[in-house]
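Here is the structure we will look at, set down as structure tokens.
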Amino acid sequence: MAMTVDRDRTATNWREISRSLTSLQVPRSVQADLRASLPGQFQCLLAYGSWARGDVDEHSDLDVLALNYISPGKHPIHENISFSSYSESQLRATSGTLFGYHLKRDGKILLDRNNDLAQMLASIDSPDPTKVAYRIKGLTPVIDASRRDLVEHIVGLTKVARYLLRSALYTKALQDGAPCFSVKEIATRNRDMDLIPLLSSHKKVQLPASEETFLELRSRLHELCGGLKSNPFGSLEELAEGTWSSDRDLSNFAAFALHGFDDEIDYDALDKVVL
């Protein structure tokens, strides 16, 4: 399914997107930020997360996923927009993952002229919690950090530990038969509101990256997973290099931790690590 870029349709597409966002009660100012953040062409657009669920607060980002995004060049994304770009094959590969199920369950289509996105979402299978838990544990060597890694890579280590704990709690909710992809709801269910700043991806809400935050995340993950795996290579860099051929997900995840999700690494050259 190839995308034909028709620049004459851009204004019409954005009018349709605006109508969809307005139905989700997304303010005009946030809609303008989204359009300014995405100057390129895309086949389909999906909203997910708190705006799509209807449980927004003053710190909520607008989470959007574009299918087959063609960027005119490097362009800044507004701070209240969380943007992901997926190809068709990447989106199909989310079948059986927490993220894919999240998109299917909570997502709201903003633009889908040929019904392509709707069909792909419909084909996404629910994840097997046991398999997801196994994959999460398989990535935990990344957070078996040496003292040097803690000093040099605490930002990246905190981010991946946060991602793993959040994913593990979503997996437990799935195992309990009550799927949930809201940090606030997870905290409420666990009667532990400290989970909100610990798990939140919003910079104004989350605890800052630090050794204390990282160790708290790792401790909670250890308890939830019944133990974590060790890093047989001794350092993040050696883990990334040593598992490149044998476990690409683990290698890529270690690379994310090394670079702290900054702009210096070409993430498009890495496969997405999706749980």
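Numbers at a glance
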{"quantity": "Three-way shape call for the range 31-70 based on the alpha-carbon gyration tensor, with the a/c threshold at 1.5", "calculated": "oblate"}
{"quantity": "Amide N proximity, the range 120-153 versus LYS229 label position 7 Å along Cα-to-Cβ, cut-off under 13 Å", "calculated": "132-144"}
{"quantity": "Fraction of antiparallel bridges per DSSP, the chain only, in percent to nearest 5", "calculated": "60"}
{"quantity": "Prolate/oblate/rounded call for the range 98-250, Cα gyration tensor, a/c under 1.5 rounded", "calculated": "prolate"}
{"quantity": "For the chain, alpha-carbon Rg over 2.2 N^0.38 Å", "calculated": "1.02"}
{"quantity": "Cα→Cβ-extended label distance, 7 Å offset, between SER146 and GLU16, nm", "calculated": "5.3"}
{"quantity": "Taking HIS222, HIS102 and counting other C-beta atoms within 10 Å, the order from fewest to most", "calculated": "HIS222, HIS102"}
{"quantity": "Theoretical gain in end-to-end length, ARG35 to ALA118 [0.36 nm per residue, Cα-Cα removed]", "calculated": "27.7 nm"}
{"quantity": "Given charges at beta-carbon only (K, R positive; D, E negative), |dipole| of the chain in Debye", "calculated": "760"}
{"quantity": "Mean Cα-pair separation over length for the chain, i.e. relative contact order, pairs under 8 Å, 6 or more apart, %", "calculated": "17"}
{"quantity": "Positive minus negative residues near ALA145 (Lys, Arg vs Asp, Glu; Cβ under 11 Å)", "calculated": "-1"}
{"quantity": "The range 10-122 - Rg over Rh from alpha carbon coordinates, Kirkwood radius", "calculated": "0.93"}
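Here, each number is a calculation from the coordinates, and none is a lab measurement. A quick note: this is a predicted structure, and the numbers were derived from the prediction, not measured. Neighbour counts are summed over all protein chains in view; Cβ atoms, including those assigned to glycine, are modelled from backbone coordinates with ideal geometry.
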